[in-house]
Every structure is written in structure tokens, then in C-alpha cells.
1. Select from segment 24-50 the residues that are open to solvent by 40 Å² or more (accessible area, probe 1.4 Å), in contact with a strand residue (DSSP E or B) (Cβ under 9 Å, 6 or more places away or on another chain), without any contact (Cβ under 8 Å) to a residue 24 or more places away in the chain and in a loop (DSSP other than H, G, I, E, B) and list them in ascending order.
2. For segment 51-143, which strands (runs of 3 or more DSSP E) that fit wholly inside it have 2 or more residues that are open to solvent by less than 50 Å² (accessible area, probe 1.4 Å), under 20 Å from Gly38 (Cα atoms) and at pLDDT 95 or above?
3. Tally the residues that are of a type outside the set (Val, Ile, Thr), at pLDDT 95 or above and within 14 Å of Ile49 (Cβ to Cβ), restricting the search to segment 1-29.
4. Return the residues of segment 14-23 that are in a loop (DSSP other than H, G, I, E, B) and open to solvent by less than 20 Å² (accessible area, probe 1.4 Å); say none if nothing qualifies.
Amino acid sequence: MATNIKLDKALHYSKMGWQIFPVSPNNKQPMRNLVRRGYLEATLSEQIIYDWWSRCPDANIGLSLAASNLVCIDVDSYKKDCAFNHYISDKYLPDTLTQHSASGGTHYLFRANPKPYYPGSLCPGVDIKYNGYILLSPSTYKN
């Protein structure tokens, strides 16, 4: 029996307490035929996750950040104007889970503060995401 890597990873993330949902293959848009309200329907339910990826095995994996109590520093290092290295040069960045984004940048994931306020941007090419979602590995994205 063939394994579905995306299903396996989606279940793994849910076991970590991360609320996930299906995103259209090679895209960043929620699969509206499965989740009408997008990331607001993210879940930890193994049965629902199994059902979603059984219906669309190539679906990307979306992570609802606020629902998972996570914040993401999204570094678009592939952009010419990305100033992350300069911005971070005199600051402390604690060790954390990092993933390559589906677009080619880097996601730094952190536990969110209990009463969060996060500005939308740190500097050119670097966003802070909390109210919304990101794609998780092994998701793919084609412009």
C-alpha cells in the first residue's frame, strides 16, 4: 500500500497540537470544496484530516497560526529587498523550529504570547504572521 506523505505529515502536525486544514495543491488557497471557511475550519481531528487527504492526497498543508497558538516570522529571502540579515544582525533570535517555505523563504515558528500584538512587518521582506495561516512542509507552491 502506497503511503501519502502529506497525510502522514498533516497527522504528525496535528499530534503536535497544530490545527491544520487542506490547501489547494501547488497553491496557497484553501480548498473551498472541503473547507468553506478556510483556515477557520482547521482541526486536530485525525478522522477529519484523514478524510480531507483521502479526498485530495496532493493537498498542501495549511497551519492556522492563532488557533495553534503560534506566531511565524516569514522571511522572503528570495526577494532582492529582503533586509532580514541586516535587521537581525544586532538582535537575539532564539532557537526555534524553522521550515523552508513553499515559496523559497524561511518560516521561524514560535509560541505566541497570551495577549499577542504582532506588527505585520519587521522590515522589507519579513512579515510577522499570527492571524492567518502558512503552508507547512512538504507543501509546494508554483507561481
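The values are calculated or read from the model by the stated rules, or taken from the named source; none is laboratory data. Since this is a predicted model, take the numbers as computed values, not measurements. All Cβ positions, even for glycine, are placed from backbone atoms using ideal geometry, and neighbour counts span all protein chains on display. SASA here: full protein model, heavy atoms, side chains in, ligands and nucleic acids out. Shrake-Rupley method; radii C 1.70, N 1.55, O 1.52, S 1.80 Å.
1. Listed by number, the residues that qualify are Gln29, Arg36, Arg37.
2. Values: elements: 60-64, 70-75, 97-100, 106-111, 121-123, 126-129, 133-136.
Where strands (runs of 3 or more DSSP E) fall fully within segment 51-143 and carry at least 2 residues being open to solvent by less than 50 Å² (accessible area, probe 1.4 Å), under 20 Å from Gly38 (Cα atoms) and at pLDDT 95 or above, they are 60-64, 70-75, 133-136.
3. 16
4. Trp18
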